[in-house]
Amino acid sequence: MTFIQYVLLLKVHVAMDSEVADHCQSFALSDPDNGLFQRKCNHDHVKICCECYKLNEVLADIEIACSKLVSEEEREDTMCMFQQAKDDVMAWKAHQLRSVNQDQAKFDVLDILNRDSALLVMDWAMKYLPRKFRESQCDLFAKRGIPWHITVVLTRPDQSGPLEKQTIVHVFQSCPQDSVAVTAILRDVLATLKEQRPELEKVYCKQDNAGCYHCGSTIVGSTPASGELGVKVERFDLSDPQGGKGEADRQAATIKGHIGIYLNEGHDVNSPAQMKEAIESNGGIPGVSVKYVKIPELSSNNPMIKWDGISTLNNFQFHPRGVQAWKAYKIGPGKLFPWSDIQCDSSSPCPLEVLESPVQTQRSRFRVVRARQDQTSTGSKGLSSSCQHSESIEDEEAMAQESGIFSCPEESCIKTFQRSSALQAHLDEGRHKYALEKETLLDKAKRGYAAKITGERIQVPTSSLTWCSGPTSDGMGTENSQEENHVFTGTKEIPY
Ligand SMILES: [Zn+2]
Ligand SMILES: [Zn+2]
Ligand SMILES: [Zn+2]
């Protein structure tokens, strides 16, 4: 088993309560020194996982081997290298555990989303490098990227209905990607949403761990904005680096593709205004609206809010009394920081200056993300998601869906779908179904082919195999089933 396989295995195995210490989220994510960030296990960690045990054993073996090196210099170098590698392995393992736990925050929000609430996934996309239809060599030099920010809004008009999605893009001429910009964008998004859907009362924010989100100024700064707009920010959940912002990344890719079409039609995209025009070209992208905005000059005077130890906190819930914070989602009661401690004279974020507002069409509003076919299956899931029985039904569903042609690109997720829209809906929700072995279409074909051949062989023992080329065809005796297995799982011997 490779390390990658092991990590995927770990993702399948981890649980909030597990009798294997390596798999127990409560145990691994609790802070041993602070009761506020601890979740007590009501079980003993008596079981041992074979794979996790093996990993520790391998590491111990390598350590022993390193320590036996004769030359002292070589031994020290190797030991140092080994220690570094071991720390990386452990950090990667802990990252997997944390990201599984932090993803749960999103799923819990998706479950309770209603007409009056929405989930916002915010992210700075990679700066867009201006491009011309015809580009000379000198154009490639001294390019300055156009900063753009993506907010994906997920909501549900009624609790049992399908999810709806809308993407709001902010394009800037130049903009520091800091908390001032982020709070201003958040304010603008809330105002836009409230205008579209007056019954909206609360939003949940999910961001990755970037510094502009993970700081006191952003977290505290987002609250006064919400008060005056009549929309309240309920929670702020930060995901581990490289996790939990898939929606924003996927939208960025779609938008870049759309801009590519515009370029190929003979246009240039050199400025934020042209970029906006490109996104809105050809009738725009369904569910996407774009604004060309500017941060007002004055806003840089806002005082920075100091919050000691914020880098270890990842989940924040806003209360009238203060902010309750956790190190890991749902691990422990959390610590309440009263407003008086964290709020220096926080002024509201400046509203963004809109230079070009979006071309409003019906297409850029909320869109249903779930495909028709998928509705029935997830409806039943919602009713009894906690009971064990439904899990088996779900498994059967997954089996039934096997014939689908769109398989989820997430590593180790076994879900496949009949329609691309159903796959999109699955990716937006992010509830991947991990299993150890993911069967590709090629594997399936091989298995089917092997089964067919074996079936034929029973009737006609040798003739069906005579055209099986390569050296192995001689070795294929009628009884040698192992040999036969080898032929059909390998790739080169199969004469398609
Ligand atoms: Zn435990
Ligand atoms: Zn394990
Ligand atoms: Zn998936």
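The values are calculated or read from the model by the stated rules, or taken from the named source; none is laboratory data. All values derive from a computational prediction rather than experimental measurement. Here the Cβ is made from the backbone with ideal geometry for all residues, glycine too, and neighbour counts use every protein chain on show.
A few points about this structure:
- Just one of the listed residues (LYS11, LYS40, LYS93) is in contact with a helix residue (DSSP H, G or I) (Cβ under 8 Å, 6 or more places away or on another chain), over 30 Å from VAL231 (Cβ atoms), part of a loop (DSSP other than H, G, I, E, B) and charged (D, E, K, R), and it is LYS40.
- VAL203 vs. criteria modelled with pLDDT of 85 or more, surrounded by 17 or more Cβ atoms within 10 Å (Cβ to Cβ), within 19 Å of ALA252 (Cα to Cα) and not basic (Lys, Arg): no
- All told, LEU298 falls short of being at pLDDT below 90, out of contact with any strand residue (DSSP E or B) (no Cβ under 8 Å at 6 or more places or on another chain) and under 24 Å from GLU201 (Cβ atoms).
- Set side by side, the residues ILE4, ILE48 differ, and just one is at pLDDT below 85 and more than 16 Å from ligand 3 (Cβ to nearest atom), which is ILE4.
- Test result for VAL12, of a type in the set (A, V, I, L, M), surrounded by fewer than 16 Cβ atoms within 10 Å (Cβ to Cβ) and within 16 Å of ligand 3 (Cβ to nearest atom): yes
- Tally, over segment 230-282, of residues that are among the small types (Gly, Ala, Ser), surrounded by fewer than 17 Cβ atoms within 10 Å (Cβ to Cβ) and closer than 23 Å to ARG197 by Cβ: 1
- Single residue of CYS52, CYS80, CYS66 found to be more than 20 Å from TRP326 (Cα to Cα), out of contact with any helix residue (DSSP H, G or I) (no Cβ under 6 Å at 6 or more places or on another chain) and part of a helix (DSSP H, G or I): CYS80
- Residues satisfying the stated conditions in segment 21-37, i.e. more than 20 Å from LEU10 (Cβ to Cβ) and part of a loop (DSSP other than H, G, I, E, B): ASP31, PRO32, ASP33, ASN34
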